[in-house]
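Note sheet for the following structure.
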Amino acid sequence: MADAGYPNGFEFKVQVSGNTQNHDLVTLVSAYLEKVGVKVKLVITEPGAMQKALFTGTNEPGFYFVNTITNPTTSLRKNFTSKATFNPSRWKDPNFDKKMEEIVAEPDEKVRQVKVRLLTREILEQAPYIWLPTPYVYTAWWPWVKNYGGELRAGAERPGPIHTRMWVDQALKKKMGY
């Protein structure tokens, strides 16, 4: 919608969770877009309603979404295949879906990696999102913590199943002076 302040641009709504810690980032991006004639109207949404909108495909055209840490293949599949739940842009491209199916079925890891890189470049050129920086995350633990390999979640944001399998080697801990 063009108005006097945005003669060559448009306006769109961006749905943002009411509990996000990134409101400053969202308003910063909004200000950048405004400089090029795109007016953003933030729609602050209760977290449960935000999730329902994502799961039912009824979210606003803009949707502030943070991807959890995952591998490149899963990131492509869950964010850009036509039937994926976590696809807030509602990206639908049968050619992309076909390439994704080929990647998942590819048994040769080196060939799969090349295909993932090519498909990543392709989706970046299409620009269905505004990509923002991803925080650098790492995991560290004491050597006496056993049955833990650095995983941060089990399926989703559920660390409970990971924590229940961990144990402390008390003898090693004592031997190391703790």
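The values are calculated or read from the model by the stated rules, or taken from the named source; none is laboratory data. Because the structure is a prediction, the values reported are computed rather than measured. Cβ sites come from the backbone with ideal geometry, for glycine too, and all protein chains shown count toward neighbours. Ligands, DNA and RNA are excluded from the accessible area calculation, which covers all protein heavy atoms including side chains. Shrake-Rupley method; radii C 1.70, N 1.55, O 1.52, S 1.80 Å.
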Quiz item: For Val43, which sequence-distant residues (separation of 5 or more, or a different chain) have an amide H within less than 5 Å of its own amide H, given hydrogens modelled in the peptide plane?
Solution: Val14, Gln15, Val16
Quiz item: Of the residues Asn147, Asn22, Asn67, which exhibits the maximal mean-square fluctuation in a Gaussian network model of the chain defined by a 10 Å Cα contact cut-off?
Solution: Asn147
Self-check item: Reachable lysines, given that their alpha-carbon falls under 29 Å from the alpha-carbon of Lys110 and they are not under 8 places away in the same chain
Solution: Lys78, Lys83, Lys92, Lys98, Lys99
Quiz item: ³J(HN,Hα) across the range 79-89 via Karplus (A = 6.51, B = -1.76, C = 1.60, θ = phi - 60°), whole Hz, x for Gly/Pro?
Solution: 9, 9, 7, 4, 9, 6, 5, 8, 9, x, 7
Quiz item: Looking at the chain, what % of the alpha carbon pairs are farther apart than 21 Å?
Solution: 64
Exercise. Using only Cα atoms, find the angle between the long axis of helix 23-35 and the longest principal axis of the chain, and express it within 0 to 90 degrees, rounded to the nearest 10.
Key: 30
Exercise. Could you calculate, for the range 71-110, the ratio of the Cα radius of gyration to the Kirkwood radius, expressed as Rg to Rh?
Key: 0.98
Quiz item: At each listed q (0.16 Å⁻¹), what is the log10 of I(q)/I(0) that the Debye formula gives for the range 89-178 modelled as equal alpha-carbon point scatterers?
Solution: -0.90
Practice problem: In debye, nearest 20, what is the charge dipole magnitude of the chain about its Cα centre with +1 on Lys and Arg Cβ and -1 on Asp and Glu Cβ, if you could check? | Solution: 660
Exercise. Taking each pair of different alpha-carbon atoms in the range 38-85 once, compute 1/r for the pair, average those values, and report the inverse of that mean as the Kirkwood hydrodynamic radius in Å to one decimal.
Key: 12.3
Quiz item: Taking the convex hull of the alpha carbon atoms in the range 1-102, what volume per residue do you get, in Å³?
Solution: 123
Quiz prompt | Sequence of Leu118, Leu76 from largest to smallest accessible area, 1.4 Å probe | solution = Leu118, Leu76
Exercise. Among DSSP beta bridges lying fully in the chain, give the percent that are antiparallel, nearest 5.
Key: 15
Quiz item: Can you pull the semi-axes for the range 62-128, root of five times each eigenvalue of the Cα gyration tensor, sorted largest first, whole Å?
Solution: 20, 13, 11
Self-check item: Within a Gaussian network of the chain (alpha carbon springs, distance under 10 Å), most fluctuating of Arg90, Arg158, Arg117
Solution: Arg158
Self-check item: Protection proxy ranking of 44-57, 101-114 - average other beta-carbon atoms within 10 Å, highest first
Solution: 44-57, 101-114
Quiz item: Could the peptides 122-129, 139-146, 77-84 be put in order, highest first, of the mean number of other beta-carbon atoms found within 10 Å of their residues?
Solution: 77-84, 122-129, 139-146
